[in-house]
Amino acid sequence: MVVLREWRAEIRRALKDEYVDYVKTTGLVSYLGTAGNLGAVIATCDLDDTRSEIVTLSWWTDRAAIEAFAGADISRARYYPEDGRYLLTRPDTVQHYDTTAPAVAPCGTEKKS
């Protein structure tokens, strides 16, 4: 069963694009470089004039693969050296979900009518 890992935080809206680029070169590179990672995505939503929310979703073959990325306590969020410059909130934990059916077909497969 594929496991979905969700991390979210509030960030400075004025630095949103810069932080997304930073997450691409830190978190996403780490996700994708870990055996058992099936992919990842970053999403953002503006909350008001000064705050945005950022979410990373990553898909994993199993919890053991997540442990290789996150450490023994997979519920703990993983942070990088410059995160504090952008973050307004710094949640200690992330959420994990057991998926029941794929929502996205793998690249290169044709959609059936």
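The values are calculated or read from the model by the stated rules, or taken from the named source; none is laboratory data. Predicted, not measured: the structure shown is a model, and the values here were computed from it. Glycine also receives a Cβ, built like all others from the backbone with ideal geometry; neighbour counts cover every protein chain displayed.
Which one of the conditions (1) of a type outside the set (Phe, Trp, Tyr); (2) farther than 20 Å from residue 18 by Cβ; (3) more than 15 Å from the chain's Cα centre (by Cα) does residue 91 fail to meet, given that it meets all the rest?
(3)
Among the numbered criteria (1) hydrophobic (A, V, I, L, M, F, W, C); (2) over 18 Å from residue 76 (Cβ atoms); (3) surrounded by 14 or more Cβ atoms within 10 Å (Cβ to Cβ), which one does residue 9 miss?
Every condition holds for residue 9 apart from (2).
Sort out which residues of the stretch 76-101 are hydrophobic (A, V, I, L, M, F, W, C) and assigned to a loop (DSSP other than H, G, I, E, B), and write them in order of number.
77, 88, 94, 101
I'd like to know if the stretch 43-53 contains one or more residues that are part of a strand (DSSP E or B), of a type in the set (Val, Ile, Thr) and out of contact with any Cys (no Cβ under 8 Å at 6 or more places or on another chain).
Yes, the conditions are met somewhere in the stretch 43-53.
For residue 57, state whether it is of a type outside the set (Val, Ile, Thr), more than 17 Å from residue 15 (Cα to Cα) and at pLDDT 95 or above.
Against the criterion (of a type outside the set (Val, Ile, Thr), more than 17 Å from residue 15 (Cα to Cα) and at pLDDT 95 or above), residue 57 qualifies.
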